[in-house]
Amino acid sequence: MHGAAPCKALPPCANDLNNAGHRSRVLRVWQIAALRRSGKWVQFMQFGADNLRPVVCLHSLEYPAAPPWGLCVDAAAEGFGIVAVRRGGFGGSSEVHSIDEEAAILSEFLEQADLDDVILVVEGTARQAGLKLARSSPRVSFTFLVRPAYSDAYAGDLDPWTVNLVIQALQTQAGANLSLGALNLIGRRTGHRALYEMLFKHADDLAFIKAHARDLEDAWQSFSRINADTFRRNLSILMNDPTLGPGALADLPGMALIGAETLPAWREAFEEKSASLGISTACLPRGAFFTLHQSASAFINLLKKVP
């Protein structure tokens, strides 16, 4: 991969850090790729040797971090190299002004990095950019949409404070500034872990938050530095998407995933919308918001079935 230090040994390794120690350690390196054509920057983390099949992960708004160390180790052992990408406006990646621009930059990144036969993993609010990338880049061969938030029942099970925060952010730019400011203020006053525990209350999700302190810190440092434009653009996927009509995903090589601990109303709406779109689904055994990170074995089994 261009710009990444070469791996001198096959799995498991994180870039050239071949003596990583115990699988539960967090020892990964974020790097910056300077894109030649657009002049943009993309921050990424590559785990695994260059000859492994690339699994490119696009994070959601609330958790802009790489997959956990254990998932990366296990994926590498099965022949998959994880490439986590910080999306436009997060971390060291250049800001973008539209979903189209974000997808174009991601496509250029795949091309310049010479990543081919890519399995794309798109979480939450990355859905719009991820789908545009999957449809526009011949380098993407399969796409997993993880809790893609394309149903309309999300507000019914959220607490009123969170619902009002989202609505305020979507209504106006000033509202987005206020909502983002409120989250950052709470994170500074009570600590980011307390904020995550307030927002994500499912038992397995709370267990993940407690067990991955360094990953959580990395995610918070990235989230707390985004601007209101990035915040609002990510939340916009909660609005009706006119491109997702009946059968819209029937021709997409991919699958939509949800966690077993997802609240019933959300899961029912997810299944109904997925059926309407024409995309197959699978349920990961643990968690809701952090289901991908908690269900490594089940997810890797799905990776192994991708043609």
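A short reminder: the numbers here are calculations on the coordinates, not readings from a lab. Keep in mind that what you see is a predicted model, and the values were worked out from it rather than measured. Cβ placement follows ideal geometry from the backbone for every residue including glycine, while neighbour counts extend to all protein chains displayed.
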Checklist entry - Roughly how many nanometres apart are two label points built 7 Å out from the Cα toward the Cβ at Asp251 and Asp229? => result 3.3 nm
Next on the checklist: As an exercise, identify the GluC sites (Glu not before Pro) in the range 75-115 lying in DSSP coil whose Cβ has no more than 16 other Cβ atoms within 10 Å.
Outcome noted: Glu78, Glu95
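Calculate, in nm to one decimal, what Val163 and Arg189 gain on full extension: separation in residues at 0.36 nm each, minus their alpha carbon distance.
Details: separation 26, 0.36 × 26 = 9.36 nm, distance 2.13 nm.
Gain on extension, Val163 to Arg189, equals 7.2 nm.
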Checklist outcome for this item: Checked the range 37-76 against the a/c 1.5 cut and the a/b vs b/c comparison, axes a ≥ b ≥ c from its Cα gyration tensor; verdict oblate
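So between Asp117 and Glu78, what do we pick up on full extension, going 0.36 nm a residue minus the alpha carbon distance?
12.4 nm
For Asp50 and Ala282, what does the FRET efficiency come to when R0 = 30 Å and r is the distance between their Cβ atoms, rounded to the nearest 0.05?
On the way: r = 29 Å, r/R0 = 0.97.
My answer for the efficiency is 0.55.
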Checklist outcome for this item: Where a ≥ b ≥ c are root eigenvalues of the Cα gyration tensor, a/c under 1.5 meaning rounded, otherwise prolate if a/b exceeds b/c and oblate otherwise, the chain counts as rounded
Item to check | Fewest-first sequence of Met255, Met239, Met198 by Cβ atoms within 10 Å of each Cβ | outcome: Met239, Met198, Met255
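Which order do Arg139, Arg286 fall in if you start with the one that has the fewest other Cβ atoms within 10 Å?
Working: Arg139 19, Arg286 22.
Ordered from fewest to most neighbouring Cβ atoms within 10 Å, Arg139, Arg286 come out as Arg139, Arg286.
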Checklist outcome for this item: Exposure proxy check on Trp30, Trp69, Trp266: fewest-to-most Cβ neighbours within 10 Å is Trp30, Trp266, Trp69
Next on the checklist: Using a 7 Å offset from Cα along Cα-Cβ at Lys304, what residues in the range 41-64 end up with backbone N under 18 Å from the label point?
Outcome noted: 52-55
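Pairs Lys132/Lys210; Lys40/Lys210; Lys132/Lys304; Lys132/Lys273: which exceed 29 Å Cα-Cα?
Numbers: Lys132/Lys210 34 Å; Lys40/Lys210 35 Å; Lys132/Lys304 24 Å; Lys132/Lys273 19 Å.
With Cα atoms farther than 29 Å apart: Lys132/Lys210; Lys40/Lys210.
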Checklist outcome for this item: For the chain, averaging the sequence separation of alpha carbon pairs under 8 Å that lie six or more residues apart and dividing by its residue count, the contact order in percent is 17 percent
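How far, in nm, would the chain grow between Ala265 and Ala211 when pulled straight, counting 0.36 nm per residue and subtracting the alpha carbon separation? Each step should come with its number before you reach the end.
Values: separation 54, 0.36 × 54 = 19.44 nm, distance 2.78 nm.
Length gained between Ala265 and Ala211: 16.7 nm.
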Item to check | Residues of type aspartates and glutamates that Lys201 reaches as a straight line, Cα spacing below 16 Å, ignoring anything fewer than 8 places off in the same chain | outcome: Glu62, Asp157, Asp159, Glu261
